Amino acid sequence: MIHLLSNAIQEGLLNIRVKLGSFLITLLMVSLSFMVFDIFLIISWNLGTVLKNEQENVGIEVFLSDNLTEVEAVNLADIISGMEGVRAVYYVSPQEAEAVFRADLPEQADLLTLLGPQFHLPPSIQISLHPDYRTSEKVGGLARTVSGMDGVEDIVYGKEYLPGLTKAVDILESLVILAGLVLAVSLSLIVANTVRLAVARRALAVQIMSIVGAPGWFVKIPFLGEGLLTGVAGAAGSLLFTVAVSWMLSSSIHHEFLPGKWIMLVLILGASSGAAGSWIGMKSGIPKPRS
Amino acid sequence: MLVTFGNVSRYYNDWPALENINLQVHQGEFLVVSGPSGAGKTTLFRHIWMGDLPSTGAVEVAGYRSDRIRKSDLPFLRRKLGIVFQDFRLLPERTVFDNVALPLQVAGTSPKAIRRRVFSLLAEMELNHRRGSYPHELSGGEQQRVAIARAMVSHPVILLADEPTGNLDPEVSQIVIDLLIEINRSGTAIILATHDPRQVPAGVARFLYLDRGHLVNPNLWDGYRQL
């Protein structure tokens, strides 16, 4: 069995060696197709990072009434912390709010002096949310519940920009999936066509192997291997091209290259598209042993 | 019995390529099937290696029946057969050695055993000096001897030779026929399809005649005179 498998692999390598030129041209075509996808992924990744950072900051600020004691405010914070979707709560006393104001806006610190010692900023509770709850619907729902609680004066959250942000993230994720699918299908067709041509070119070898007693998989493995190799090597080649382009543009456009997980995804997409293409090509190309 | 045809008919769009064929081939036998072009010789051969199946009736070859054989059994049946074609069908991108080694490679034989068997067979067939050559570098007679070596490399029980001398001049044809007779003497059954049965000496083989898909009694067949 080991010898049979090793012979099948050698058969595949022989196929590639015999038509190295056309194999390299196919590889280049696949790499260029993948490069478009890689660039799209880089743009999506960088845009997605910006959007996700924005989404990270999504939270609710609950302003409390002045007459609420600190103990009552802390109790309220405890109740809110037990609510679904709330990751953490932080109570900001009037003194801490003033310190933050002075630190963040030093040029307007005089304003507080002008308003006199009897003025103080309202106490508040800052709510941070679980990642799944950073959508406009969920934040809105939680904000409505909290606003109806005793001692709550006002609520602030990004209700103006949050729906747009959520939608943008959703659209971007859908676009990445759609582009991946389109690329997978087109790549499968390129590989399928290559394999179909390879099968036609090697019709005599396929026929002779079948006649001398080769099992079906022995005949198919070289073509499957060729498709897999085309897909993976094409994807790897595209990543190399894209690294070069990314490096050339790094001084003029600030961006990050794809993370390791996405690189793996590109390689897996290449392998699966290559395998699918081989399967389609063999299905339509290899004659049935009995006709 | 190595090969049995039981009432085998094969129709292509109602046209009978073979009709009511009853035939038995014994171990070690030399059978010559002759007849004009289109008589059904190649179809008969295709039924033996089960590249084609009967429309009615059944073929049994080396224990495999055409009406029961599974697709996964076909390679095992074909490893018991050696097949030689008129147009040699050698793989052009492979050397003589690799062409002859192919049936052993697809059966999973170890590289060492392949080398031993192929070298000894090439020596026997006086082709050792050509082992590194490619098919296009060989003469027609050499190519057919390589094709016969490929067919014999895995010790088949039957050697099917479909018009093996069709592309060769008379002198080389005789060398090939002599080689087949020699192989038969070593115990391998041979079924030879030829349009010219006079190539094989009368005492060596059993003769069958096919005409438009029917087996004809050789004594009653007048086609011999037309050859």
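The values are calculated or read from the model by the stated rules, or taken from the named source; none is laboratory data. In this text, all values refer to a predicted model and were calculated from it rather than measured experimentally. Don't worry about glycine lacking a Cβ; one is built from the backbone with ideal geometry, like all the others, and counts go over all protein chains shown.
Of note:
- Test: residue in region A:25-32 that is in contact with a helix residue (DSSP H, G or I) (Cβ under 6 Å, 6 or more places away or on another chain), of a type in the set (Ser, Thr, Tyr) and in a helix (DSSP H, G or I): yes
- Residues in region B:105-126 that are in a helix (DSSP H, G or I) and either under 18 Å from B:Ile148 (Cα atoms) or away from chain A (no Cβ under 14 Å) (or both): B:Gln105, B:Ile114, B:Arg115, B:Arg116, B:Arg117, B:Val118, B:Phe119, B:Ser120, B:Leu121, B:Leu122, B:Ala123, B:Glu124.
- Considering region A:4-13, and only residues there that are hydrophobic (A, V, I, L, M, F, W, C) and buried (at least 16 other Cβ atoms within 10 Å of the Cβ), the residue that is farthest from A:Val176 (Cα to Cα) turns out to be A:Leu4.
- Any pair with Cβ under 7 angstrom, 6 or more apart, that starts in region A:1-16 at a residue that is more than 8 Å from chain B (Cβ to nearest Cβ) and ends at one that is not in a helix (DSSP H, G or I): A:Asn15/A:Arg202
- Test: residue in region A:62-78 that is closer than 30 Å to A:Glu173 by Cα, out of contact with any Ser or Thr (no Cβ under 8 Å at 6 or more places or on another chain), in contact (Cβ under 8 Å) with a residue 12 or more places away in the chain and outside the structural domain of A:Asp170 (by TED's automatic domain parsing): no
- Positions within region B:185-198 being buried (at least 19 other Cβ atoms within 10 Å of the Cβ) and closer than 26 Å to B:Glu126 by Cα, in sequence order: B:Thr188, B:Ala189, B:Ile190, B:Ile191, B:Leu192, B:Ala193, B:Thr194
- Of everything listed in (1) crowded, with 16+ Cβ neighbours inside 10 Å; (2) in a helix (DSSP H, G or I); (3) at pLDDT 90 or above, the single unmet condition for B:Leu160 is (2).
- Pairs, first more than 10 Å from chain B (Cβ to nearest Cβ) and within 20 Å of A:Ala271 (Cα to Cα) in region A:203-224, second aromatic (Phe, Trp, Tyr) and not in a loop (DSSP other than H, G, I, E, B), C-beta under 8 Å, six or more apart: A:Leu224/A:Trp279
- Residue within region A:170-181 that is of a type in the set (Asp, Glu), within 28 Å of the chain's Cα centre (by Cα), surrounded by fewer than 16 Cβ atoms within 10 Å (Cβ to Cβ) and not in a helix (DSSP H, G or I) present: no
- When we screen B:Arg145, B:Arg150, B:Arg131 for residues that are facing another protein chain (nearest Cβ under 9 Å) and either out of contact with any His (no Cβ under 6 Å at 6 or more places or on another chain) or modelled with pLDDT of 95 or more (or both), the only hit is B:Arg150.
- Close contacts from region B:77-96, counting a first residue that is crowded, with 18+ Cβ neighbours inside 10 Å and a second that is in a loop (DSSP other than H, G, I, E, B) and acidic (Asp, Glu), with Cβ to Cβ under 8 Å and a gap of 6+ residues or different chains, come to B:Phe85/B:Glu163; B:Gln86/B:Glu163.
- Filtered by the rule that a residue be in contact with a helix residue (DSSP H, G or I) (Cβ under 7 Å, 6 or more places away or on another chain) and either within 14 Å of chain A (Cβ to nearest Cβ) or among the aliphatic types (A, V, I, L, M) (or both), region B:153-170 gives B:Val153, B:Ser154, B:Leu159, B:Leu160, B:Ala161, B:Asp162, B:Leu168.
- Residue ID - nearest to B:Gly213 (Cα to Cα), chosen from residues in region B:54-76 that are without any contact (Cβ under 8 Å) to a residue 40 or more places away in the chain and surrounded by 15 or more Cβ atoms within 10 Å (Cβ to Cβ): B:Ser66
- Residue match in region B:90-109 (condition: farther than 21 Å from A:Asn15 by Cβ, at pLDDT below 95 and either of a type in the set (D, E, K, R) or touching a Leu at 6+ places or on another chain (Cβ under 8 Å) (or both)): no
- Checking each residue in region B:40-73 for being part of a helix (DSSP H, G or I) and hydrophobic (A, V, I, L, M, F, W, C) picks out B:Leu44, B:Phe45, B:Ile48.
Residues are listed down the side, and each one gets a yes or a no for (1) assigned to a helix (DSSP H, G or I); (2) not acidic (Asp, Glu):
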site	(1), (2)
A:His3	yes, yes
A:Arg17	yes, yes
A:Thr49	yes, yes
A:Gln55	yes, yes
A:Ile60	no, yes
A:Asp66	no, no
